[in-house]
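*Asks:* Sending over a structure as structure tokens; questions will come in a sec.
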Amino acid sequence: MPRFPIDLISDTSTRPSAGMLQAMASAETGDEQRGEDPTTLALCERMADMLGMEAAIFLPSGTMCNQISFLVHCRPGDEILAAENAHIVRSEGAGASALAGAQIRGIPTPSGIFTADDAAAHLNRKRDRAPVSRLISVEQTSNSGGGAIWPLKTLQKLVTLKKERDLILHMDGARLFNATTASGIAPTDMCQGFDSVWVDLSKGLGCPVGAVLAGSKDFIARAWVWKHRLGGAMRQSGVIAAAGLYALDHNIDRLSQDHKYAHLLARLLVEAPGVRVYPEVPETNILFLDITDSGQDTAQMAEALATHGVRLNAEGKTLFRAVTHLDLSEAQIQQAAKAIIAALTP
Ligand SMILES: *Cc1c(COP(=O)(O)O)cnc(C)c1O
């Protein structure tokens with residue numbers, strides 16, 4: 001029995017299902033570093049097709065997808081534009097500057113979404129002493145924005161801006177399929193005009209490990225060089241790639257269930273005293289709980305919740321994040337809401 005049967009800390013906290021484990025156990029394998037693992041090759045081809053890209057590469061994590069993209073696209077002294085609350089700004093060890101030598105300019109936006117006009121206003125004029133505005137990074141869905149979805153129109157306008165200003169457009173698509181499932185927009189349409197896109201397998205798709213980065217053939221060939229350099233090349237990776245293929249077959253459409261549960265949790269808590277829920281109607285699977293009005297802090301509340309087997313992600317002294325995923329049931333969401341309400345008024 002896990003210590004936190006109702007673990008809302010992240011959609012990474014899922015365990016591989018019996019069906020997924022079976023697919024992994026029967027995977028055909030070879031040497032991935034030599035391009036000889038058939039299951040990994042199949043996963044990459046399938047993901048490239050789904051995203052409308054020429055090619056793809058299997059990597060251990062989403063963070064490595066972002067960092068390899070910056071290493072390929074950017075040169076030292078370049079500037080990357082991203083939302084100031086983006087994962088690449090807050091949670092990747094300043095990798096863009098530490099590895100690629102590129103600095104990130106954060107665009108202020110609580111939702112994590114900005115328009116092409118916002119981006120244009122943050123581009124540098126060409127001057128010898130100005131950083132070279134090189135790349136715009138979009139996080140679909142926006143994690144800090146409570147799983148907010150970038151509208152297709154906004155993405156298309158960014159593609160236009162990219163062409164006008166000779167920029168590179170990158171999508172951190174950790175939760176891209178949450179966005180496509182919730183909006184009904186095809187992944188190929190959402191990624192149209194982007195130079196690089198990746199999807200995390202270890203979030204809502206329920207795999208134990210892995211992410212797939214896609215782009216042009218030339219981009220992927222250059223990404224392979226960095227994959228070797230950074231130690232990301234693998235051997236019989238078909239064992240984990242098989243989980244990815246299984247997830248593409250079984251775990252995309254069901255993301256709507258996660259969204260339903262996030263809705264339900266928000267609805268059960270929105271009227272509760274001592275907590276402010278946002279977004280009040282989550283677009284996908286992430287919501288935030290601000291407990292300032294309860295007079296408690298997240299450490300106190302985490303202790304009370306632990307006695308009910310419930311865990312939330314403490315984002316600060318008075319802010320929790322809750323993320324729904326495939327290892328939760330409706331009854332557990334009800335239980336979680338009850339436990340949270342009880343803990344708010346000890
Ligand atoms: C989780 C996440 C990442 C990093 O992915 P890992 O697979 O954990 O390295 C990057 N961007 C966003 C938006 C994420 O949610």
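*Asks:* Enumerate the calculated ³J(HN,Hα) couplings along region 182-189 in order (Karplus 6.51 cos²θ - 1.76 cosθ + 1.60, θ = phi - 60°), each rounded to whole Hz, writing x wherever the residue is Gly or Pro.
*Replies:* 6, 9, x, 8, 5, x, 4, 5
*Asks:* While we're looking at this one, here's another question. Over the chain, average the accessible area per residue using a 1.4 Å probe and give it in Å², no decimals.
*Replies:* 43
*Asks:* Beta carbons within 10 angstrom, averaged per residue: use that to sort the peptides 148-160, 79-91, highest first.
*Replies:* 79-91, 148-160
*Asks:* Counting pairs on different chains as well as pairs 8 or more places apart, how many Lys pairs in the chain have Cα atoms under 16 Å apart? Kindly include the intermediate steps, with their values, before the conclusion.
*Replies:* Working: K126/K162; K153/K162; K153/K163; K217/K227.
Lysine pairs satisfying the spacing and distance rule in the chain number 4.
*Asks:* Quick one: what are the phi-derived ³J(HN,Hα) couplings along region 163-171, Karplus 6.51/-1.76/1.60 with θ = phi - 60°, whole Hz, x for glycine and proline?
*Replies:* 5, 4, 9, 6, 10, 10, 10, 10, 10
*Asks:* Hey, any idea what % of region 52-114's accessible area is carbon plus sulfur with a 1.4 Å probe?
*Replies:* Looking at region 52-114 in its full context, I get 51 percent from C and S.
*Asks:* Computed on alpha carbon atoms, what radius of gyration and Dmax characterise region 1-136, expressed in Å?
*Replies:* Considering region 1-136 through its Cα atoms, Rg and Dmax are 19.4, 61 Å.
*Asks:* Along each principal axis of its Cα atoms, how long is region 215-338 end to end? Whole angstroms, biggest number first, please.
*Replies:* For region 215-338, the Cα spread along each principal axis is 54, 30, 28 Å.
*Asks:* Taking 0.36 nm per residue of separation and subtracting the Cα-Cα distance, what length does fully extending A314 through A121 add? Walk me through the intermediate numbers first.
*Replies:* Working: separation 193, 0.36 × 193 = 69.48 nm, distance 3.36 nm.
The A314-A121 span can extend by a further 66.1 nm.
*Asks:* While we're looking at this one, here's another question. Region 162-251: D in µm²/s via Stokes-Einstein (Kirkwood Rh, Cα pairs, 4 °C, 1.567 mPa s)?
*Replies:* Translational D for this selection: 89 µm²/s.
*Asks:* Leaving out ligands, DNA and RNA but keeping every protein chain, what accessible area does T63 have, in Å² rounded to the nearest 10, with a 1.4 Å probe?
*Replies:* 50
*Asks:* For Cα pairs less than 8 Å apart in space and 6+ apart in sequence, what is the mean separation divided by the residue count of region 255-346, i.e. the relative contact order in percent? Mind showing how you got there, number by number?
*Replies:* Values: 143 pairs, mean separation 30.0, N = 92.
After rounding, I find 33 percent.
*Asks:* Equivalent-ellipsoid semi-axes (√(5λ), Cα gyration tensor) for region 265-317, whole Å, largest first?
*Replies:* 18, 13, 11
*Asks:* Quick check on packing: order 256-262, 197-203, 106-112 by the mean number of other C-beta atoms within 10 Å, highest mean leading. Before the final figure, lay out the partial values.
*Replies:* Working: 256-262: 20.6, 197-203: 27.3, 106-112: 17.0.
Top of the packing list down: 197-203, 256-262, 106-112.
*Asks:* Determine by what factor the alpha-carbon radius of gyration of region 58-215 differs from 2.2 N^0.38 Å, reporting the quotient.
*Replies:* Taking the Cα Rg and dividing by 2.2 N^0.38 Å, one obtains 0.96.
*Asks:* Under 5 Å between amide hydrogens, which residues at least 5 positions from R105 or on another chain qualify, with H placed 1.01 Å from N in the peptide plane?
*Replies:* I80, L81, A82
*Asks:* I'd like the distance between the alpha-carbon centres of region 17-38 and region 304-328, rounded to an integer number of Å.
*Replies:* Each part reduced to its Cα centre gives a spacing of 33 Å.
*Asks:* I'd like the orientation of helix 217-229 relative to the chain: the angle between its Cα long axis and the longest Cα principal axis, in ° from 0 to 90, rounded to 10.
*Replies:* The two axes meet at around 70 degrees.
*Asks:* Pick from G30, G95, G231: which residue has the top mean-square fluctuation in a GNM of the chain where Cα pairs under 10 Å get a spring?
*Replies:* Most flexible of the set in this elastic network: G231.
*Asks:* So, one more: Springs between alpha-carbon atoms under 10 Å, Gaussian network over the chain: tell me which of R125, R134, R46 tops the mean-square fluctuations.
*Replies:* Maximum fluctuation in the GNM of the chain, among the listed residues, is at R125.
*Asks:* On to the next question. Which whole-number value in Å³ per residue fits the convex hull of the alpha carbons of the chain?
*Replies:* About 132 Å³ per residue, rounded to a whole number.
*Asks:* Next up: Across region 133-144, in residue order, what do the Karplus-derived ³J(HN,Hα) couplings come to in whole Hz, using 6.51 cos²θ - 1.76 cosθ + 1.60 with θ = phi - 60° and x for Gly and Pro?
*Replies:* Ordered by residue, 3J(HN,Hα) equals 5, 10, 9, 10, 10, 10, 10, 10, 6, 7, 5, 5 Hz.
*Asks:* Between region 245-267 and region 180-230, what's the alpha-carbon centroid distance in Å?
*Replies:* Their Cα centres are 19 Å away from one another.
*Asks:* Another question, then. Carbon and sulfur: what percent of region 193-346's accessible surface (1.4 Å probe)?
*Replies:* 51
The values are calculated or read from the model by the stated rules, or taken from the named source; none is laboratory data. Source: prediction; values computed, not measured. Here the Cβ is made from the backbone with ideal geometry for all residues, glycine too, and neighbour counts use every protein chain on show. Heavy atoms of the whole protein, side chains included, go into the accessibility calculation; ligands, DNA and RNA do not. Shrake-Rupley method; radii C 1.70, N 1.55, O 1.52, S 1.80 Å.
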